[in-house]
1. As a test question: what accessible area, to the nearest 10 Å², does K81 have when a 1.4 Å probe is rolled over all protein chains in place?
2. Of K5/K68; K81/K129; K37/K127, which sit over 27 Å apart, Cα to Cα?
3. For the pair S146 and Q98, what calculated FRET efficiency results from E = 1/(1 + (r/R0)^6), where r is the Cβ-Cβ distance and R0 = 25 Å, to the nearest 0.05?
Amino acid sequence: MAVHKLILEDVLDEVLYTLIAVHCSLEDYRLAYLLNKCLGITLARRPSDLDYKNSKSSYPIYEWEDNKHLVTWSLVSNVSKTKSLQQIDYKSLFNTQQHTIKTNYLVPEYKTVNYFLKIDSAFNFRKEKYILDSILNIPQIATAYSIDSSQLKSRDHLIFS
């Protein structure tokens, strides 16, 4: 009897989303507004932020589900800053504490990126060039470009469901 072997690696590794890196100094709500206006979408903030590393870092996320075209748009910040008190021992009579700000990144390979726009599609998404050109026409955005998500080491951080 012949043995049949099914290889599912190619099917499971297929990328069904487009990832766009956005460099700008805008607040997340302002960027979401500008993208909504420019691209004709309706990004809205999720009730809860993305929490990673046992809630030591949280990232604001905006989403919109386009049920007509079966596309989900997600805008997420790459930077999370947390403030904490650190005890400093100076061998003195007084206890001293210092505020420290720790910066965490959703995708550490791209520390200079401020935001990621992830476009999930059940089908082949072909408007990437149009979207990039539209984003680059926003004066407050320094630059935007596509990222090959298959090359990312931390691509698991981009699973938002």
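1. Answer for K81: close to 140 Å² accessible.
2. Numbers: K5/K68 38 Å; K81/K129 32 Å; K37/K127 17 Å.
Too far apart for the 27 Å limit: K5/K68; K81/K129.
3. Working: r = 41 Å, r/R0 = 1.65.
Plugging the Cβ-Cβ distance into 1/(1 + (r/R0)^6) gives 0.05.
The values are calculated or read from the model by the stated rules, or taken from the named source; none is laboratory data. Every value quoted in this text rests on a predicted model; they were computed, and no experiment measured them. A quick note on method: Cβ atoms are made from the backbone with ideal geometry, for glycine too, and the neighbour counts reach across all protein chains shown. Accessible surface areas use protein heavy atoms only, side chains included; no ligands, DNA or RNA. Shrake-Rupley method; radii C 1.70, N 1.55, O 1.52, S 1.80 Å.
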